[in-house]
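The structure appears below as structure tokens.
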Amino acid sequence: MIENRLVTPNSRTEQYPRFSEEEYERRYDNVRAWMDSQDLDVLLIYGNGGLLGGNSTNIHYLSNYSGMFMTYLVFFADPDKSPTLYCGLSNHLQFLAEISVVDDIRLLIPDPPKQLADRVDEAGLSQGNTGIVSLDPRYEYSVPHDHHVELQSRLEGELRDVTGSFVNEVHSVKSDEEIEWIEDAARYCDLGMEALAEAAEPGVTEYELEAALKNAYLKEGGEASFTFINSAPMAGAEPGAAITWKEPSSRTVERGDIISTEFSASHHGYSSQIHRPIAVGQPPTDEYQEMWELALETYENMLDALKPGNTARDVADATAPIENSAYKTYDVMLHGFGNAYIHPFIGTPSSNYWPGGDDPLTEAWEFKENMTVVIQPNLTTGDETKCFQLGTAVVIREDGAEVLQEYPVEFVQS
């Protein structure tokens, strides 16, 4: 027999960050209003670790807990019915008790779908309408297949996936408290970038660069997120060698290299991001300087386009300097960020992101005050021997975009 092993009640210790009670009341009220608009009685919210904790973002939003493994949150439209947080590993129950704002904590195993269906039945809602909130709506996946089959057989009401609506309507606009945490994450990114620029000299490995930047913010209380660091010669690189989006390797940095960067740091599940190129031991070559000026022009255009009421098309139009050049883009130029990697995803035809690909959510996007996004103009030569990106996290204010990082917008020279 498996027992909960939870002896200590929810102690709500002060050792872990937590939003105010008023903030959680606001979120619960908003989610319940959204559930009413969707004609839902129950939400089954699924999480399972992942990038930036992104596969647990929706659970973290309502519970303050981001699981590294399978987790479910059962949430009810009726405010008199308390939510229940299901933990995937029994040895983590005590941690949940200390960090979660949800008091009813239970063990998910054995037989997870039975546990969930029993909880819905316990609330008298097995005949009600149940919404599933899973992971990233772009990939069109939901809860595990066996769970879905069992839930369908046990729950008599409608069962449907509402992930896209939940992610894009419920938490794309941030509260002031959330923005404060994203600002903390931006400060960690600044610390990491400063340490990286100082460490970037001939003879160090990419592993050592990663250690320097992460140590700079981990010791201040930041959380490590993903880190892309890539080094290659500014002149004479092999095709593909300079492509930015690689994890650090054992390669040793040399004089005349470019170090391209993209990394995020987090404050308790809320993240920021920064991108700067670094020229090692000498100024940028003429072509890299030309690429920088093109990236900077695009960056400034995109900042100008980020105003409440503007659309994804307005931002896509702002990428014209790169789109109309001889260079191509490899990555999205803008994406939603903060507590998750979310819509909109705005790129160019060459990057396979909208408007190069079919994405109706981005196509219909309208920016609103207090949305947080990352802008990251990137460009690559046609032969893929040169590449970098420039970027930062911003919050959209009433009068336009506010950059959250303080690190200078420059082609860094070490």
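Could you work out how much longer the chain between Leu159 and Arg397 gets when fully extended? Use 0.36 nm per residue separation minus the Cα distance between them, nm to one decimal.
Roughly 81.9 nm would be gained on extension.
Provide the FRET efficiency to the nearest 0.05 for the Thr381-Glu198 pair, computing r from the beta carbons and using R0 = 22 Å.
0.15
Quick one: helix 286-305 against the long Cα principal axis of the chain, what's the angle to the nearest 10°, folded into 0 to 90?
40
List the pair-distance distribution P(r) of the chain, using every Cα-Cα distance, as the percent of pairs falling in each 20 Å bin from 0 up to the bin containing the longest distance, rounded to whole percents.
26, 52, 21, 1
Using a 1.4 Å probe, how large is the accessible area of Glu247, given in Å² and rounded to the nearest 10?
Roll a 1.4 Å probe over it and Glu247 shows about 140 Å².
Please list, or write none, the lysines whose alpha carbon is within less than 20 Å of the alpha carbon of Lys307, excluding same-chain residues fewer than 8 places away.
Within reach: Lys174, Lys368.
Could you tell me the relative contact order of region 217-350? Use alpha-carbon pairs under 8 Å, at least six residues apart, and round to a whole percent.
Relative CO of region 217-350 lands at 18 percent.
Between Asp104 and residues 5 or more places away or on another chain, which pairs have amide H atoms under 5 Å apart, with H built 1.01 Å from N, and which residues are they?
Leu85
Helix 112-122: angle to the longest alpha-carbon principal axis of the chain, degrees 0 to 90, nearest 10?
The two axes meet at around 50 degrees.
Check Phe345: other-chain or 5+ apart residues with amide H under 5 Å from its amide H, H built from backbone geometry?
Thr362
So what J values fall out for region 197-208 if you push phi through Karplus, 6.51 cos²θ - 1.76 cosθ + 1.60 with θ = phi - 60°, rounded to Hz, Gly and Pro as x?
4, 6, 7, 6, 8, x, x, 8, 8, 4, 4, 5
When a/c is below 1.5 the answer is rounded, else prolate if a/b is larger than b/c, else oblate, so apply that to region 81-223 with a ≥ b ≥ c taken from the square roots of the Cα gyration tensor eigenvalues.
Numbers: a/c = 2.43, a/b = 2.28, b/c = 1.07.
It comes out prolate by the Cα gyration axes.
Want the number for Asn324 to Gln152: 0.36 nm per residue separation, take away the alpha-carbon distance, what's left?
56.9 nm
What shape does region 331-394 take by its C-alpha gyration tensor, where a ≥ b ≥ c are the square roots of the eigenvalues and a/c under 1.5 counts as rounded, a/b above b/c as prolate, and the rest as oblate?
oblate
With the calculation restricted to Cα positions, what are the radius of gyration and Dmax of region 236-311 in angstrom?
15.9, 47
For region 68-139, what are Rg and Dmax over the alpha carbons, in angstrom?
Cα-based Rg and Dmax for region 68-139 come out at 12.8, 34 Å.
Can you check what the net charge comes to around Asp286, using other residues whose Cβ is under 14 Å from the Cβ of Asp286 (Lys, Arg +1; Asp, Glu -1)?
-2
Just to confirm my numbers, what's the Cα centroid distance between region 43-100 and region 314-365 in Å?
With region 43-100 and region 314-365 each reduced to a Cα centre, they are spaced 31 Å.
Using a simple spin-label model with points 7 Å from Cα along the Cα→Cβ vector, what separation in nm is obtained for Leu218 and Glu14?
Taking the simple label geometry, Leu218 and Glu14 are separated by 2.8 nm.
Given only helices, namely DSSP H runs of n ≥ 4 each adding -39500 (n - 2.57), what is the per-residue ellipticity at 222 nm of the chain, to the nearest 500 deg cm²/dmol?
-9500 deg cm²/dmol
Suppose the chain between Asp80 and Glu208 were pulled fully straight at 0.36 nm per residue; how much longer would it get relative to their current alpha carbon spacing?
Taking 0.36 nm per residue and subtracting the Cα distance, the gain is 40.8 nm.
Testing the spin-label approximation: label points 7 Å from Cα along Cα→Cβ at Asp103 and Val409. State their distance in nm.
About 4.9 nm, to one decimal.
Roughly how tilted is helix 21-37, in degrees to the nearest 10 and between 0 and 90, from the longest Cα axis of the chain?
Tilt relative to the chain: about 80 degrees.
In whole percent, what relative contact order does region 16-104 give with Cα contacts below 8 Å and a gap of six or more residues?
RCO, region 16-104: 25 percent.
Could you tell me the calculated FRET efficiency between Trp245 and Asp304, based on Cβ-Cβ distance and R0 = 22 angstrom, to the nearest 0.05?
With R0 = 22 Å, the Cβ-Cβ based efficiency is 0.25.
Counting only C-alpha contacts under 8 Å and six or more residues apart, can you give the relative contact order of the chain as a whole percent? Please list the in-between numbers first.
Working: 926 pairs, mean separation 56.8, N = 414.
It rounds to 14 percent for the chain.
Could you provide, to the nearest whole Å², the per residue accessible area of region 119-206 with probe 1.4 Å?
Accessible area per residue, region 119-206: 44 Å².
The values are calculated or read from the model by the stated rules, or taken from the named source; none is laboratory data. Computed from a prediction, not measured in an experiment: that's the story for all the values here. All Cβ positions, glycine included, derive from the backbone under ideal geometry; neighbour counts span all protein chains shown. Protein only, heavy atoms only, side chains kept; ligands, DNA and RNA dropped before computing areas. Shrake-Rupley method; radii C 1.70, N 1.55, O 1.52, S 1.80 Å.
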